[in-house]
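We did not get these values from a lab; they are worked out from the coordinates using the rules stated. As the structure is a prediction and not an experimental result, all values here were calculated from the model.
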């Protein structure tokens, strides 16, 4: 599709300086962080902008991924970093960016568009374009005593007396895919997962890496003085026990575990909530979407 002076189109290299500034101002993110993210994940053929008289005033990025639904795999674009310059908002420019992204998917044979709204208002906004909330996560909150009881219960059911050796981050894709196999989930390739791990670490996050699983978590001290450990992704090939043992060794008052909605771990106070949306683009995708249940997205970009 040809570029136009006014309207939606693919970005050019000259646009990224403006887009980096737009992201920085829209998301209150540090400029070095934004430039690093864009240099690693963005490309001209997967960045869509809306131009006003040749100047990009709105834009979003597409990351190639794979959406697994049961035993089948479908091509997908992860839509992220959507932003519009303040003085050009409420003109329908982002709507045209979204529609252009869908057209790109149709032309390129991409089955799904996937995104993560940050609040209820955005869930309503994206639903206008046919996006559906098919991604969910289960959140389990436990105090120290409840976590210890969970570990003891698992130890009584599993024979895992030996500590598993560590592994290098490049093994994360295989571990993640094995842990989620059979369910509906968004797969990240190795470079994307390595970036997400790097991003998590740069922001002060902690990591537990074992041979058959990993956990990424944050530690926060509340105004009350209590410490909360929040696990952003907890996945194991065969068992979560070795990871939960390691988590229990970290001194905290509360432990929050974000888990796939289809996970069978039980304990503490549990709730299930929306974690993302998808738009089925191809005919095969429309049919497959009907079988999606509690799809898992996990780590997010940005």
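Values for this structure:
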quantity: Range of Cα positions in the range 136-273 per principal axis (Å), largest first; calculated: 39, 36, 31
quantity: Between 0 and 90°, nearest 10: helix 16-27 axis offset from the chain longest Cα axis; calculated: 50
quantity: Residue-averaged 222 nm ellipticity for the chain, from DSSP H runs of 4+ at -39500 (n - 2.57), nearest 500; calculated: -10000 deg cm²/dmol
quantity: Using alpha-carbon coordinates, inclination of helix 93-108 to the longest axis of the chain, degrees; calculated: 80
quantity: Cα long-axis angle, helix 31-41 against the chain (0 to 90 degrees, to the nearest 10); calculated: 90
quantity: Fraction of beta bridges assigned by DSSP in the range 136-273 that are antiparallel (%, nearest 5); calculated: 85
quantity: Mean separation of Cα contacts under 8 Å, 6 or more apart, over the residue count of the chain: relative contact order %; calculated: 23
